[in-house]
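J.: Handing you a structure now.
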Amino acid sequence: SSGINAEWPLRPGYKLYFEMAATVLDQFMLNGTEEGNGFSFDNCRRNAFMAKQGVTFPTARKTGTTIVGVIFNEGVVLGADTRATGGSIVCDLNCEKIHYIADNVYCCGAGTAADTEFTTRMVSSKMELLKLRTGREGRVVSALRMLKQYLFRYQGHVSAALVLGGVDVNGPALYTVYPHGSTDKLPYVTMGSGSLAAMSVFEDGYKVGMDEESAKKLVRDAIRAGIINDLGSGSNVDITVIKKGTVQQFRPYEVICAKSERQGDYTFPIGTTVITGTHETVPFSALRVTDEEVMEL
């Protein structure tokens, strides 16, 4: 059903709405309108009742990013754009979206900037502890297991969609990790709002056993397609090449959206803006947050 989880935090006044909705559902049950078999639409009726009372439900947060990965004959190539947005505002033109996990494992992140940064940082520290405890190089699947179990525990509320790639004793490996914890293992993957445009490039140009230069060019073209066709993606193409024993990072690999030069002179003489001599001190306790923005990748 499409109902809200019982653990969802209630805003002031919502408890009354839930109690009223529960009363309505009880009446449905007493009148015998529910057969008790098949699907239950209790929460749908409850949500419709609350919507009529003017209750607004939380919505999914839209993010903008293009991240990709592809396996070639010697390793893995990961790629990402570098634009970070907060709503419709571009907050960062050169955001780093390819995160270090271990010496042989890296991860691209899409979603909320803080979630992707701290989730990958936490798994990176766990991988280092695992390496110190076992005395062996960590495996890609070990990082995958840590990521998927952590994200599944929060049922999608940690907004981190990831592309995980690396090379270990089993050879090159490439995975996608969704915010709810589900995973895929594929030879080429895309994620983020520009993923469809990037996937079209992969579907057209991928070949089994590609060499390194062909894989880098294919990743560049895929990220470029995402940047051009998706407003949430932009700026540069970052690429990380992971091979057995070596890692190469190209930041940037190519600048797609170069910053334009100013056409006019925007300097103004001193005194253009009048500064008044009066001021008022407002105590911090009197301030109230009316709106907030989260920086997204």
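The values are calculated or read from the model by the stated rules, or taken from the named source; none is laboratory data. Computed from a prediction, not measured in an experiment: that's the story for all the values here. Cβ sites come from the backbone with ideal geometry, for glycine too, and all protein chains shown count toward neighbours. Heads up: the accessible areas ignore ligands, DNA and RNA and are worked out on the full protein's heavy atoms, side chains in. Shrake-Rupley method; radii C 1.70, N 1.55, O 1.52, S 1.80 Å.
J.: Just order 110-116, 121-127, 131-137 by mean Cβ neighbour count inside 10 Å, highest at the front, would you?
T.: 110-116, 121-127, 131-137
J.: Right, here's the next one. Using a 1.4 angstrom probe and counting only protein chains, how large is the accessible area of residue 162 in Å², to 10?
T.: Accessible surface of residue 162 is approximately 0 Å².
J.: What does DSSP give for the range 88-185 in terms of the percent of beta bridges that are antiparallel, rounded to the nearest 5?
T.: Values: 21 of 21 bridges.
Among the beta bridges of the range 88-185, antiparallel pairing accounts for roughly 100 percent.
J.: Mind ranking 243, 217 by accessible surface for me, highest first, 1.4 Å probe?
T.: Details: 243 45, 217 105 Å².
In descending accessible area the options line up as 217, 243.
J.: In the full protein assembly as shown, how much of residue 42 is accessible to a 1.4 Å probe, in Å² to the nearest 10?
T.: The accessible area of residue 42 comes to roughly 50 Å².
J.: Give the accessible area for residue 208 in Å² (nearest 10); use a 1.4 Å probe, count only protein heavy atoms, and leave out ligands, DNA and RNA.
T.: So the heavy atoms of residue 208 present about 130 Å² to solvent.
J.: Compute the separation of the alpha-carbon centres of the range 213-243 and the range 276-295 and state it in Å as a whole number.
T.: Using only Cα atoms, the two centres lie 41 Å from each other.
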